[in-house]
1. Straight-line reach from A:Lys197: which aspartates and glutamates have a Cα under 14 Å away, not including same-chain ones fewer than 8 places off?
2. Tell me, what is the per residue accessible area of region B:107-229 in Å², probe radius 1.4 Å?
3. Could you give the distance between the Cα centres of region B:89-141 and region B:43-82, to the whole Å?
4. How much FRET efficiency would the formula 1/(1 + (r/R0)^6) give for A:Asp51 and A:Asn199, where r is the Cβ-Cβ distance and R0 is 25 Å, rounded to 0.05?
5. Using the Kirkwood formula over every pair of different C-alpha atoms, what hydrodynamic radius in Å results for region B:63-212?
6. What does the helix-only formula give at 222 nm for chain A: each DSSP H stretch with n ≥ 4 adding -39500 (n - 2.57), the total divided by the residues, and the result rounded to the nearest 500 deg cm²/dmol?
7. Calculate the mean, over all residues of peptide B:75-81, of how many other protein chain Cβ atoms lie within 10 angstrom of the residue's Cβ.
8. Report the net charge of residues surrounding A:Ile39, where surrounding means a beta-carbon distance below 15 angstrom and charges are Lys +1, Arg +1, Asp -1, Glu -1.
Amino acid sequence: MISRVNFKIAKTHLLAKKKQTLVAMLGVTFGIGMYILMISFMSGFNEYLSDAMLSATPDVHLYNDIKTDYSHSILSDVYDTSKYLSVVHHPKPKDIQPNIKNPLAIVNSLKSDERVLAVSPQLTTQIFYNSGPVQINGSLQGVNIIEDAKLTSLRTKIKTGKIESLLTTSNGILMGHGLSKKLNVKVGDAVNLATPKGNSMRFRVVGTFQFGVGSIDNIRSYVNLASVQQLMGKNSQFITDINIKLKNNAQSAAMAKELKNRYHYVSEDWKTANASAMVGITVRDVMTIVVSFTLLVVAGFGIYNIMNMTIQNKLKDIAILKAQGFSAQDVRQIFLLQSITIGVLGALFGMVLGYIMSYGVYSLPFPSNEMISITRFPVTFHWYHYVFGLVFGIITTFFAGFFPSIKAGKIDPVEILRG
Amino acid sequence: MNEILSVRNLNKHFTEPEDFHVLKNINFSIQKGEFVSVVGKSGCGKSTLLYLLSTLDTNYTGEIFIGGEKVSGMKHKALAAFRNEHIGFVFQFHFLLPEFSALENVMIPAQKAGKFPLSEIKDRAYEKLKLLDMHEHAHKLSSRLSGGQAQRVAIARALINEPSIIMGDEPTGNLDSANTQTVFQILKDLSSSGKQTIITVTHDSEFAANCDRIIEMKDGEIIGDEKMR
Ligand SMILES: Nc1ncnc2c1ncn2[C@@H]1O[C@H](COP(=O)(O)OP(=O)(O)O)[C@@H](O)[C@H]1O
Ligand SMILES: [Mg+2]
């Protein structure tokens, strides 16, 4: 469809002004290269974070929240409110138990649900880890570790010791790596745990784990369910949380809603539980798109300018081509081909540049950090980022060349040939 | 009688900066193989008329027929193809594409026509250059040629598609007398072979006097039409 002579003229124009062509191309190269670097780095970071967060978060989390609804008072049960005006100043919550009633029935019913892969009932409490005179605040999860490990990627996150040792050691504790470092304890060491109510008990460290996010590794420990129940002086039916893993975690939100309606407890899906992390992910995605788009638009304007300049310099050539039988469409093609060539080559080099820069960043050591435990910058190498960069670069240059080309097609040769 | 070009009631106005009736009711016809000069004072409308005949300017009233075909009212794209096939141009300035060699400049209109394979186009272009005694400069970049050489390449380019009409707007206007003589002779030979019709605008009275026919214009009207032989 595009005649060969148009190709030849476009090629000759590009080669005649090598420097200008190169500058226009480098604009695209830089734009695409930066886009690939940013998206690779940002998505690497996002993937790392969501993997770390989600690997430690159940699909659905069912628990009993402390009620803070003070709008009703039992005063009306005692006094006749039609005779007296009774007011309670500054009410406080009563000492309600945050446990789930009849947990066994719920667990059994969940286990028979075919959407559910695993269920882990647990008793979670705030705890003080005592290390000499220092107390460190943290959380303790009493679990059946074998069941619970099916819900998270705990098994792959074990740093020292073994999960199974928790079952074979009386009062064993599996501790977050960051926490164990703060307490300066290793596998085999004893640690004293105290509840906010003052009960305390000694545990022996059987292992440490590291999910890679400080908000877990620095505060959480796992012990056997019975041990926490004993520590808190509760019976074996005392459960505060039920964590659920689904066969398909896309159903989490729907499942959470259903469970909430059925049991009237708080029921959270993983997206809601990690809302702040999800916002971070969205913000990084938006930032990447905005910055890359800006870079490409700037490159596009560069091409637009250069094409306009080229056409200004080629008025005579355009006029004579038209006089010799080239149509407006031919002239448009000649100039559009030039900008598309610049775009395609620029974008291809941009892909290479992007890969090199991404690889460079990937090779850098990540500054050591309390919150995140990685040694290198997280960078992804997804082919679709590269394809998207290429396509986007070509589309941008197409539009940058489109309007000058239309203008070139409209040039009236008579004005120019008259001299 | 073998009419190649005819014009009926041609009128043209320029509207900028004010209305100006530049061509007034022009009528004439030209036979195949004629070598016609259009003369007249500067500003009388010679170039304007030529651009109408060449189909580049379509903003007029009246009718133009070329080779029996009515070109008035044809679409732009069809006109481009028509020019490519039937009309060859030579201007006062050569308008060669500076990035291309002499040979490539001659080849381009034929490549646009796409009637022959590239190798044959190359041979034909070389033949045309030889006709104008420019074959030794075939591979020189056109921007490196002298004025006279460039104008001869431009004529070779006008001939490449074997057009029925060659139009020239003061084709010798920028040339010295020796080069003018050469160019005139080339055009003369082309017309006397009978295949090509030539219409040129010229200022040069000696050039005009040696043509077959002189059309004289004044203030947008034809005031004289004289056959020399
Ligand atoms: N684009 C234009 N707009 C207005 N007037 C024009 C334009 N082009 C040419 N003219 C005027 O038309 C007249 C004829 O011009 P032209 O055909 O170039 O004359 P010439 O016989 O010297 O070739 C001149 O008076 C010129 O000033
Ligand atoms: Mg003129």
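The values are calculated or read from the model by the stated rules, or taken from the named source; none is laboratory data. This is a predicted model, so every value here is computed, not measured. Neighbour counts are summed over all protein chains in view; Cβ atoms, including those assigned to glycine, are modelled from backbone coordinates with ideal geometry. Side chains are part of the model used for accessible areas, which takes the heavy atoms of the whole protein and leaves out ligands, DNA and RNA. Shrake-Rupley method; radii C 1.70, N 1.55, O 1.52, S 1.80 Å.
1. A:Asp95
2. Heavy-atom accessible area per residue stands at 47 Å².
3. Cα centroid of region B:89-141 versus Cα centroid of region B:43-82: 25 Å apart.
4. 0.10
5. By the Kirkwood definition, the hydrodynamic radius is 15.8 Å.
6. Estimated from H runs of four or more residues: -17500 deg cm²/dmol.
7. The mean count of partner-chain Cβ atoms within 10 Å per residue comes to 4.
8. -1
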